Structure formats: C-alpha cells, structure tokens
1. Consider A:Gln46 carefully, then state whether it is modelled with pLDDT of 90 or more and within 10 Å of chain B (Cβ to nearest Cβ).
2. Checking the structure you have, find out if any residue of the range A:245-266 is more than 14 Å from chain B (Cβ to nearest Cβ), under 25 Å from A:Glu134 (Cβ atoms), of a type in the set (A, V, I, L, M, F, W, C) and surrounded by 19 or more Cβ atoms within 10 Å (Cβ to Cβ).
3. Hey, among A:Pro118, A:Pro88, which residue is more than 14 Å from chain B (Cβ to nearest Cβ) and more than 14 Å from DNA strand D (Cβ to nearest atom)?
4. Residues in the range A:111-132 that are touching a Phe, Trp or Tyr at 6+ places or on another chain (Cβ under 7 Å) and touching a residue at least 60 places away in the same chain (Cβ under 8 Å): how many?
5. Hey, can you tell me all the residues within the range B:236-278 that are in a strand (DSSP E or B) and within 12 Å of B:Thr166 (Cα to Cα)?
6. Restricting the search to the range A:23-43, which residues are of a type in the set (Gly, Ala, Ser) and under 27 Å from B:Arg83 (Cα atoms)?
7. Report yes if some residue within the range A:155-177 is surrounded by fewer than 17 Cβ atoms within 10 Å (Cβ to Cβ) and within 14 Å of chain B (Cβ to nearest Cβ); otherwise report no.
8. Regarding the range A:58-69, can at least one residue be identified that is without any contact (Cβ under 8 Å) to a residue 40 or more places away in the chain, crowded, with 17+ Cβ neighbours inside 10 Å and β-branched (Val, Ile, Thr)?
Number of protein chains: 2
Amino acid sequence: MNLRDLRYFVALADTRHFGKAAERCFVSQPTLSAQIKKLENYLGVQLLERQPRKVTLTETGQKILPLARRILQESDEIVSLARNEHDPLSGKLKIAFIPTIGPYLLPLAARKLRKQLPRLKLMLYEYQTQPLLEKLRAGEIELGVLALPVPTDGLEVRELYEESFTVAVPNQHALAKKPHVKIDDLSGETLLLLEDGHCLRDQALDVCSLIDVKENEDYRATSLETLRQMVAAGLGITLLPQLATRGPFGSGHGLAVKSFAKPIPSRTVGAVWRKSSARSEAISAVCDVIRTTMSEKS
Amino acid sequence: MNLRDLRYFVALADTRHFGKAAERCFVSQPTLSAQIKKLENYLGVQLLERQPRKVTLTETGQKILPLARRILQESDEIVSLARNEHDPLSGKLKIAFIPTIGPYLLPLAARKLRKQLPRLKLMLYEYQTQPLLEKLRAGEIELGVLALPVPTDGLEVRELYEESFTVAVPNQHALAKKPHVKIDDLSGETLLLLEDGHCLRDQALDVCSLIDVKENEDYRATSLETLRQMVAAGLGITLLPQLATRGPFGSGHGLAVKSFAKPIPSRTVGAVWRKSSARSEAISAVCDVIRTTMSEKS
DNA sequence: TGTCTCGATAGGTTATGACTATGGCCGATT
DNA sequence: AATCGGCCATAGTCATAACCTATCGAGACA
C-alpha cells in the first residue's frame with residue numbers, strides 16, 4: 001500500500017468521478033483508475049462501485065475512507081513539521097560549558113546570541129570536561145565549550161578565543177602592590193586550586209610547573225567563587241581565568257587581581273561537536289557569535 | 001513520501017543500525033540507506049545522525065518518529081479492516097421488500113437466512129416498487145425483492161418464486177361455498193384494491209381485465225391487512241397474494257380465502273440489484289435462500 | 001440513431017526501488 | 001604500526017511499478 005494510492009482514493013471519494021479525481025491528483029485518468037484497482041486488489045475488497053455516471057463508495061470503502069483521510073493528514077503533518085524544522089537556525093540546541101567558562105562567558109554573549117539567533121532555543125548545561133565530552137559523544141548535548149586541547153576522535157573542534165590567566169592574591173599580599181606579576185614571582189607561594197576534574201586546576205599547575213609553589217592540600221575549592229573567597233581569606237593565591245575577573249567578579253572584598261607580565265600565560269577556549277552532528281550550521285553560528293563577542297570585548 | 005520510507009525509518013529508529021533495520025524490512029542495506037536518504041532529502045531535514053558505530057535520531061527525527069509510527073499503525077488498521085470485510089458473506093446488506101411481500105415472506109425465510117448466512121447483517125426496508133427502484137439505483141439499498149417485471153436498465157434481475165393469487169370474500173358471500181373460483185366467477189363483483197403505488201393493485205386489475213368488475217372507488221386500502229378487514233366487513237372482494245393467506249393470515253374473522261381454479265393467476269416475485277453492485281455474492285446467497293425456502297414450503 | 005460521457009484496456013516509455021559489488025572510515029586487535 | 005572487521009555510502013545494473021496517449025465499449029441523452 002502506498003500513500004499515493006490513499007490520496008487517489010480520497011480524491012475519488014471526494015469527487016466521485018475518476019476524471020476529476022485524476023485531475024486533482026495531477027495524473028491521467030487511466031493511471032488513477034489502474035492504481036485504484038490495484039489498491040482494491042491489494043486490500044482484497046472492492047472500495048467503490050462503478051455505476052454508470054455515478055461512482056459510490058461501498059460499505060467497506062466508507063469504513064476505510066476516514067482512516068485514509070487521517071493517514072494523509074498525519075503525513076502532511078510530518079511534512080509541515082519538517083518544514084518548520086527546516087530552518088537550521090531554529091529549534092533547540094543543547095550547549096554545555098565547563099564551570100570555569102559558562103558563568104562568565106554567558107553574560108557577555110547572551111544578548112548577542114538572542115539577538116542574532118532569535119529562533120534558536122539554547123539549552124544550557126554545565127559539566128566538567130570529561131563528563132561533557134562523554135555526553136557530547138552520547139548525543140545528549142550538541143555543543144561543548146571548554147578549554148583546548150581535547151581528544152578529537154570523531155569530534156570537530158574550533159578555537160573561540162584566547163583567555164589570559166590572572167593572579168588573585170589577598171589585598172595585603174606583597175604582590176598586590178606590583179603593577180604586573182611575573183610567573184617567577186609566584187615562587188614559594190601557596191597555591192589554592194579547584195578540586196579534581198576541573199581542567200583549570202591542571203592548567204594552573206601547568207603554568208606553575210617550572211617554579212616552586214606548593215599546593216594547599218587542605219582545601220580544594222568546588223568553584224571559582226569559593227576559590228576567590230578562600231584567597232580573600234588569606235589562605236593562599238590562585239590563578240583565575242580572565243573572564244572570571246571582569247565586571248562584578250573583579251578586585252575588591254579583600255582580593256586583588258593582578259595581570260601577568262608578558263609572556264602572559266593563557267588557555268585556549270574552544271568549541272567541540274560531533275563531526276556527524278546534524279546541527280553544524282547552528283553550531284557554526286553560535287561559534288561565530290561567541291568569537292565576535294570576545295574579539296569586541298577584549 | 002511513502003509508507004515504505006516510514007517503515008524503514010521506524011525500523012531504523014528501533015534498531016539504530018542500518019544493516020539490522022534493512023534485514024527487518026527484508027531489503028538490502030544499501031536500499032534502506034538510499035531510501036532513508038531520499039526521505040531526509042524530501043523532508044529537507046536530517047532525521048538521523050550517523051555516528052561511527054552508532055545511529056541516533058536528531059531532534060527532528062524524534063519528533064517525526066511517533067507520527068510515523070501512528071501512520072503505519074493506521075495503515076495496518078486499513079489492511080486488517082479490509083481483511084475482516086474480505087468475507088463476501090459478512091457485513092451489512094440492505095434489502096428492501098415491497099409491502100405486499102415483506103411481512104409475509106420474511107417470517108418464512110428469516111430463520112434460514114440467519115442460519116445459513118450468520119455473518120450477514122440484514123437491514124430490512126419496505127418501499128413500494130417505484131421508490132424501491134429509486135433507492136436501489138441511488139445506492140441506498142443493495143437488493144430489492146418485488147414483483148416482476150421491472151425496467152432492467154442497469155439492473156440485474158433474478159426470479160425467486162411464482163406466487164398464486166387467491167380470492168378473499170366475506171364469509172356470507174356466494175363464492176365462499178365453492179371449492180374453487182374461476183376468474184369469470186368474479187364478474188359483477190365489487191373489487192377492493194390497495195391505494196395507488198402498490199403494484200398489487202395493478203396486478204389485480206390485470207387479472208380482472210377481461211371480466212366485468214367494478215372497483216369500489218370510495219375505499220382504497222393502505223395495506224393488505226386493512227384490505228382484509230374491509231372484505232370481512234362486506235365492502236367487496238379482493239385478490240390476495242398467496243403468502244398473505246398463510247398461517248395467521250388465513251381465513252376466519254368473517255373472511256373466506258378461496259383458491260383459483262386452473263389456470264391459476266399468479267405473479268412472479270424476483271430480486272433486483274445493481275449490475276455494478278459489489279455485493280453480488282451476498283446477494284446471490286440471499287436469493288438462493290429465498291428460493292429454496294419457497295420451493296420447500298410450496 | 002448518432003453523439004457524448006466516462007471508466008477500462010492496450011501498448012509503450014520513464015522513473016523508482018531493488019540488487020551486488022565495492023569503497024572508505026573508524027574502532028579494535030595483535 | 002599494521003591488519004582486520006563492522007558499518008554506512010557509493011556506483012552500476014536491472015526489474016517493475018507508475019505513468020502517458022490512444023482507443024474501446026457501455027450507457028445516457030438529445
């Protein structure tokens with residue numbers, strides 16, 4: 001059985017005339033005639049009675065007609081649903097950020113995203129790098145924003161922006177008075193870090209790998225905000241990504257944020273998605289918005 | 001779009017594996033692959049994401065899937081409905097009788113009809129010959145049982161049985177004492193007849209056409225039962241078809257029913273249906289039952 | 001009786017869906 | 001690192017389903 005056959009049948013039921021029904025279906029009368037006969041043959045029942053000058057539905061035909069109509073209507077629903085979804089820049093798009101990026105990047109990009117991609121409903125998630133990649137591969141999310149590099153098997157990667165690190169020290173700290181901080185200046189300091197799983201932890205350790213710092217093993221922060229408060233409380237110093245020091249997140253409350261002297265250590269923030277993703281257009285558009293946002297704000 | 005494509009899509013959504021889905025649809029993998037792609041192309045949206053080792057539905061695919069399932073289910077409904085209707089001796093069959101046949105024939109045939117055609121639901125109607133033929137041609141009924149002959153344009157006709165006429169006279173009437181009545185005996189009598197539209201009226205006039213009878217113009221009965229009572233009341237005599245004199249409808253209550261001497265005048269009762277009718281098998285079966293009933297009872 | 005309407009039939013062409021064989025990608029194994 | 005195997009896509013070919021035009025035949029109508 002075929003949707004086309006049902007269409008022919010319904011047209012015939014409406015017009016009760018083979019010629020007119022054929023016209024309505026944009027086929028010749030013999031074609032429709034043959035297809036109807038084939039349908040009847042397939043179903044094993046006569047659907048219509050061909051009286052001279054008059055076509056009528058049999059009992060069975062009358063029973064089948066509403067079913068056929070509903071099927072056609074639902075098939076049209078599929079088509080129109082697909083047409084609505086046709087716009088690649090519409091629909092839901094699930095994006096995950098790592099925790100040291102999301103809360104600081106989103107306020108900057110949100111307005112522009114909403115303005116430039118108004119039909120895109122962004123579903124926002126926050127995961128650490130590893131769970132994020134897993135959920136990405138599992139298809140639970142479509143796009144991840146995190147610090148590069150990441151293993152790229154099956155994934156597409158695009159760099160979004162370069163994010164400098166800064167040093168956060170207590171107000172009273174000697175470094176608070178210097179205009180710029182060199183990495184070597186951190187030698188001998190106590191470093192406060194995020195708990196395991198945060199990539200920022202590894203990045204900070206990496207920056208300090210050549211100098212002599214000791215991690216405060218008693219405390220591991222669960223978020224940058226906790227970390228910030230721990231520094232203000234004088235428990236040590238830490239590295240903060242630059243976006244986490246802008247606007248309401250800057251110096252104050254017993255905390256001084258210092259920028260590094262050149263060469264400024266930094267991390268690369270990038271977007272990752274499945275190579276096979278069906279949303280590459282929307283993804284690309286989102287990346288563009290983030291990139292331009294960051295290049296304007298820097 | 002095609003039901004087959006939807007079948008492929010649903011199979012793929014179920015198995016999430018092109019090869020297995022193809023197997024389930026009894027086609028080769030490339031075939032299913034190509035059809036799915038064609039479907040996606042037609043809809044203008046990607047329905048699935050081909051990850052290595054893993055096939056997943058896109059957002060759109062997930063929306064379309066339940067629609068596709070429902071369509072397939074309903075198309076199966078059509079097929080199974082048709083299969084149920086497949087038995088030509090089942091379903092509704094609308095039969096109309098003329099008033100001078102229906103009430104007398106049905107009690108005789110009903111039991112055998114129900115026994116031999118148990119799945120056939122007979123819808124019974126009663127119309128005079130002309131309206132009956134109109135409704136038959138209009139497709140409102142499938143089968144008519146009436147007195148022949150009738151105009152046969154577009155209609156199929158089959159004789160069912162021959163029905164003798166009898167004479168009904170008041171108990172006190174001279175003819176009530178004779179064993180048999182000749183047509184000539186009716187000469188000079190006052191004839192009571194049914195109102196216009198009843199074919200029996202014309203048949204009675206026809207039987208009496210060669211002799212001298214006068215119709216009682218003051219009364220025209222609307223049914224055989226009224227006619228019978230009018231005869232019993234002494235208003236005249238009348239002709240009754242034989243079936244209307246059997247069982248509870250016989251002599252008594254001031255009425256005597258006499259049979260004719262040979263040659264016995266009679267009418268031919270027959271079945272008519274549209275040549276193009278889709279129910280010819282059921283019709284034929286019903287005719288058979290009536291014929292054998294009548295040949296057994298006579 | 002001729003004419004018209006309308007569905008069915010005949011014959012030929014195109015388009016579609018199916019197949020097999022094969023390629024390319026990726027993950028897993030040795 | 002090289003090989004193997006699973007899996008989907010591509011290429012090329014073929015059968016048939018669907019379509020067309022032309023025509024027939026039955027029945028309605030003037």
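1. The answer is yes for A:Gln46.
2. No.
3. A:Pro118
4. The qualifying residues number 0.
5. Of everything in the range B:236-278, those that are in a strand (DSSP E or B) and within 12 Å of B:Thr166 (Cα to Cα) turn out to be B:Ile237, B:Thr238, B:Leu239, B:Leu240, B:Pro241, B:Ala256, B:Val257, B:Lys258, B:Ser259, B:Phe260, B:Ser266, B:Arg267.
6. Passing the criteria: A:Ser33, A:Ala34.
7. Yes, the range A:155-177 contains at least one residue that is surrounded by fewer than 17 Cβ atoms within 10 Å (Cβ to Cβ) and within 14 Å of chain B (Cβ to nearest Cβ).
8. yes
The values are calculated or read from the model by the stated rules, or taken from the named source; none is laboratory data. Here the structure is a predicted model, which is why all the values come from computation and not from measurement. Don't worry about glycine lacking a Cβ; one is built from the backbone with ideal geometry, like all the others, and counts go over all protein chains shown.
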